[in-house]
Amino acid sequence: MDEKLAWDNQVLLVVNCAKSFEEVERERAYICPADKGAYNPRPSRYFGLYHGKGVSAVANIEAAVDVQPDDSTTIRWIGGLGRETDYRMKAVGLANKLRPKNEFPVRVLILGVLQATDFRKDSRGGMAGSTQYFDVSSFGITGAGFLAGKLRGKKWSEIKFIEYKYVEEASPDSPGKYYPLQLWFESIVPDKTRVSLTFSKIEEIINDALPSSARQYTVWWTDKSPGTTHVNAYAWLETGWVVESLSLKSETVTFHRA
């Protein structure tokens, strides 16, 4: 186990769940790639469910568990009072229920009861990335229920951000490679509902070459649900865009807002 969550950890991890909030609400779990890239959650006590310009619910993060294709597990941190063996078993069950094996390894955040709140983003545009961290220690809260009450009616600008430096690891197709593309989508004005990009323009945005599979196979552009290892799709899915049409011949892809 990498880390037992410190007793005084009062960090709220807000995750952009634009495409996965129904799954998170239903399963009380959030699943993402088990890598060390931009989408790898830092140890946090609370989870914030973000979609539609705000956090609609918060929950205690009971445990964070990595699950491999052979169902072996590594506990990254524990924030709840349950048994380690139970968290491992639950993570394996959730991972196999919600993701196919070709998308493993995955990290499963096991959540407590989701508590309704209304914590609104008051700046323009979407989230600057898939995660944001807030220091909520000033509230002196002791659980997600209390935190939900404290956040209700609050604006993001009223709570202290925590900035974690992300260092991209060397990888031919790591999540960080497409992060500039995600930021590009987030910068699009709200009233624009359709955009077309050439492959060369995308390469200009990410300052890197697309893999050869992007020019050979349509499946590379197939929309995936957030939490998969097809990391390129994060750039548009996490910002509320989907692929509308694709031409490998002209090397052009068109997106529209979901």
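General observations
- Local electrostatic count at ILE202 - Lys and Arg +1, Asp and Glu -1, tallied over other residues with Cβ under 12 Å: -1
- Least to most buried among THR131, THR222, THR74 (fewest other Cβ within 10 Å first): THR222, THR74, THR131
- Counting beta carbons within 10 Å around each of THR73, THR85 and listing the fewest first gives the order THR85, THR73.
- Cα-based convex hull, the stretch 29-144, per residue volume (Å³, whole number): 117 Å³
- Inter-site label distance for ASP122 and VAL195 at 7 Å from Cα along Cβ, in nm: 2.7 nm
- Taking every lysine pair in the stretch 3-162 that is 8 or more places apart or spans two chains, those with Cα atoms closer than 19 Å amount to 16.
- Each of LEU109, LEU197 was scored by other Cβ atoms within 10 Å of its Cβ. Arranged with the fewest first, they read LEU197, LEU109.
Here, each number is a calculation from the coordinates, and none is a lab measurement. Being a predicted model, the structure only gives us computed values, none of them experimental. We place every Cβ from the backbone using ideal geometry, glycine too, and count neighbours over all the protein chains shown.
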